[in-house]
1. With a 1.4 Å probe and every protein chain left in place, work out the accessible area per residue of region 158-289 in Å², rounded to a whole number.
2. Want the number for Leu408 to Leu356: 0.36 nm per residue separation, take away the alpha-carbon distance, what's left?
3. Which percent, to the nearest 5, of DSSP beta bridges fully inside region 446-568 are antiparallel?
4. Given Leu270, His208, Leu281, which one lies farthest toward the positive end of the charge dipole of region 178-303, if we put +1 on the Cβ of every Lys and Arg and -1 on the Cβ of every Asp and Glu?
5. In region 426-537, if the dipole is taken from +1 on Lys/Arg beta carbons and -1 on Asp/Glu beta carbons about the Cα centre, which of Ala505, Pro427, Gln528 is farthest to the positive end?
6. Assigning unit charges at the beta carbon (Lys, Arg +1; Asp, Glu -1) and nothing else, what dipole magnitude in debye, to the nearest 20, does region 91-170 show about its Cα centre?
7. At 7 Å along Cα-to-Cβ for each site, give me the label-to-label distance between His334 and Glu792 in nm.
8. Please give me the summed charge of the neighbours of Leu292: other residues whose Cβ is under 11 Å from its Cβ, Lys and Arg +1, Asp and Glu -1.
Amino acid sequence: MHSRLAELAAAEASPEISELMAEVADLREQLLAADEERRAQVVPPLADAVPEHGGDAADLFAGDDETMTLLRDVDWAASPLGAVRQWSAELKAAVRIVLASKVPMMIWWGPDLIQLYNDAYRPLLGNKHPAAIGQPAAECWAEVWASMGPRAVSVLAGEGASYFEDDLLFMERSGYQEETYWTYSYSPISGDAREVLGVFVATTDVTHRQVSGKRMRTLRDLGGLSVTEDDNVCEQALQVMARNRDSIPFAAVYVVAEDGQGRLQGSYGLSDGGAELPAVLPADSAVLGQVLSTGVPELTDFASFAPGAAPLPSPLGPATPGIIRLQPVWLSGHPEPGAVLAVGCNPYRALDEAYLRFLDLAARQLGIALTDAAAYDAERARAEAFAELDAAKSRFFENISHEFRTPLTLMMGPLDALLDDSELTLPPERRADLASARRAVLRLKRLVDTLLEFARAEADELRAELEPTDLALLSADVASMFRSVVEDAGLTLTVDTAAVTEPIAVDSEMVTKILLNLLSNAVKFTPQGTISLRLVEGGDEVRLTVSDTGLGIPAEEQPRVFERFYQVSAVGARSREGAGIGLSLVSDLARAHGGEVTVRSEPGRGSEFTVRLPRATVAPHRHAVTEDIATVAPAYLAEARTWSAATRSDPVPPKAGQPEPSDPDALPGGCILLVEDNVDMRDYLTRLLRADGWQVEAVGSVEEALATSTTPELVLSDVMLPNRSGIELVRLMRANPTLMRIPVILLTARVGPESAAEGLRAGADDYIVKPFSAQELLARIRTHHELARLREYALNRAEDKAANLERALSSNRQIGTAMGILMARLKLTDEQAFDMLRKVSQNKHRKLRDIAEEVAMTGEIPQLQS
């Protein structure tokens with residue numbers, strides 16, 4: 001008899017439920033067909049029937065597997081079924097079909113439902129085998145017969161087949177009450193009169209699939225825990241595990257704190273009527289000590305783990321978890337467990353390898369979640385620390401800006417009073433010093449104001465106070481103030497603001513600062529050509545554009561020009577001065593208006609900065625924008641004028657009665673080459689040095705210093721210079737034989753031993769930090785100048801001595817050669833030869849060296865005069 005299930009078993013494939021049910025239906029049809037065939041034959045009375053050959057147990061239960069052997073050994077005659085020879089054809093047919101199958105099948109026969117099953121069914125019975133052979137079903141399945149019995153009885157009663165899927169049955173087949181899941185069907189086996197003689201039981205044990213599915217869902221959900229600021233990872237993990245109380249009826253998490261103690265983070269599965277879990281467990285406690293020290297899971301009973309606590313019954317039944325497994329939880333990068341997961345084991349499942357592996361994986365997933373949470377907390381703490389640092393920095397900038405304003409005011413007032421007092425007569429050099437000091441105060445005030453704006457932007461407190469403003473008039477006024485600066489620098493300024501005719505709501509002070517920053521930048525980075533300012537309407541916005549024909553910005557640096565403290569490395573700029581805040585401030589001020597600033601640039605052809613400001617139609621303006629310009633502009637203009645003045649070649653005029661620079665003989669101090677790009681500082685140092693008696697040649701860059709025709713006796717150079725630094729100048733001089741011995745003193749605003757060491761390593765003779773004392777500077781210059789002169793004197797004397805020694809050695813060699821010639825030709829002794837050379841020298845009134853040289857060249861001695 002062909003069987004599809006037999007084919008699946010031979011191929012070691014598991015049948016689908018649908019295939020199993022189809023096979024049962026097919027078997028039923030085969031039994032019905034066999035019954036029809038039997039009734040069509042004439043059968044003698046049972047008492048007179050002659051036994052057929054092969055009708056005994058040995059023939060029916062032929063086979064060598066364990067179940068076949070047991071079936072042959074059963075005393076069937078003593079059973080309700082009687083001797084095998086007396087079994088009905090229906091029973092024998094059913095037995096042959098079942099025993100030939102390779103899938104689990106069973107027959108319940110007769111009113112007592114006597115069991116017969118094949119060898120494939122044996123593993124499903126557990127320790128019920130072999131007693132289950134020939135045993136009534138109600139006895140074999142006593143613990144679950146309350147569920148199964150009525151279903152079997154209904155089939156015997158002729159109510160038809162039944163089917164059950166994933167049915168939970170608590171069986172005792174392994175020495176304990178076990179959680180099992182079954183998919184099975186009961187099909188009737190009918191006789192001649194269509195009466196039900198027995199039941200076909202087709203069964204699939206789906207326990208592994210059901211239990212593993214629940215465990216896998218738990219592991220999957222543990223792996224998907226989210227780590228956020230408001231969620232506790234341990235609580236989330238416990239919530240996931242609590243959804244599978246079938247597998248984990250109780251759980252608690254203890255996280256190991258810095259003091260080594262375990263602190264309870266949460267639990268579930270405890271009755272309110274019992275004691276609570278201890279909130280803290282010492283590291284050396286009997287519960288945690290072994291697990292934390294060895295890192296190996298431990299088993300304990302519930303009473304030892306939590307004395308007095310009462311676990312809730314399992315959701316599967318009334319049993320409570322009695323075994324606790326303490327799982328170490330490892331965090332990545334930690335040498336010891338960071339937590340302990342206490343798990344109550346399912347009382348309806350054996351603690352087998354699969355169960356233990358599931359608990360290990362659950363602890364591992366919890367460890368991954370805790371690692372992620374620790375990383376999140378560390379990153380959050382780091383972000384909070386940075387935020388606090390930024391806030392502290394902003395507070396510092398704001399406080400220091402306010403603190404600077406008082407001394408700046410005290411300096412600005414007296415300076416303005418002295419410069420504006422028409423009755424006060426000051427020497428020109430003193431008036432120049434005062435003007436330079438005033439420009440320095442204005443520049444410092446601008447830096448303080450910029451730092452204050454920077455602090456507000458960092459704290460997100462930069463708010464634009466919008467009011468109706470004639471943007472065209474404001475732009476034209478700012479440009480007109482810059483025109484003289486631009487023209488002094490040899491540049492052309494074009495202004496086109498006619499496109500904007502209606503007022504626009506802006507913060508006029510902020511827009512003024514935007515214009516001043518962009519225009520001063522254009523002057524700084526445009527050696528020659530044109531600077532343009534124009535306004536353009538563009539729908540719901542106004543575009544303010546400042547362009548130039550200057551140096552341009554490399555493409556790779558353009559994305560960073562609006563970053564704070566970033567400075568473009570432009571070769572050929574008028575100055576390297578600046579803090580890298582200007583363009584960043586422009587961007588912040590534009591964003592405060594809800595706009596933005598962009599840049600387009602090409603090296604060698606110039607740059608174009610465009611500020612987009614949202615446009616709104618407003619009433620005619622009433623605010624006097626010139627007040628904002630008059631307040632903000634002077635500092636920008638004063639600094640820009642120093643850049644344009646940097647290209648002037650006229651030296652600072654000497655004091656009355658002081659020698660002109662072109663008369664070095666009248667200057668007792670010698671010539672100093674001064675390299676300083678800041679015009680005010682260069683003029684101040686020039687006046688200071690000339691007043692001390694030095695001739696000064698002042699230049700603004702390394703290139704100009706190398707191009708000078710004068711060889712100085714000392715070089716005084718700033719470190720921060722356009723294009724190439726003062727340290728590079730030192731290296732170039734030390735590599736030039738003509739200039740290598742000239743002393744070099746470096747001036748710098750950078751402090752710290754590292755900066756000084758860099759300059760001294762390059763070959764500088766001294767390193768002076770700004771601000772410095774004029775007397776100290778002059779004293780150091782005199783000292784290094786005198787040391788250089790002494791060094792030169794010593795070197796020159798040494799060189800003279802070396803030359804005289806060389807000449808003496810050369811003379812000795814010449815005399816020795818001449819003596820050798822005379823001794824060889826005239827057969828003289830060395831005394832006679834030297835005496836002859838001496839007499840000729842005296843006779844001719846010539847040096848002995850010259851006579852010896854002539855003898856060496858001619859081989860003849862000059863004739864003596866008579």
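The values are calculated or read from the model by the stated rules, or taken from the named source; none is laboratory data. What you see is a predicted model, and the numbers here were worked out from it, not measured in a lab. Don't worry about glycine lacking a Cβ; one is built from the backbone with ideal geometry, like all the others, and counts go over all protein chains shown. In case anyone asks, the SASA skips ligands and DNA or RNA and just uses the protein heavy atoms, side chains included. Shrake-Rupley method; radii C 1.70, N 1.55, O 1.52, S 1.80 Å.
1. On the way: 5910 Å² over 132 residues.
Averaged over the residues of region 158-289, the accessible area is 45 Å².
2. Answer, rounded to one decimal: 11.1 nm.
3. 65
4. Towards the positive end, the residue furthest out is His208.
5. The residue sitting farthest along the positive end of the dipole is Pro427.
6. Values: 6 positive and 8 negative charges, 84 e Å.
Value, rounded to 20: 400 debye.
7. 7.4
8. Charge balance near Leu292 sits at -3.
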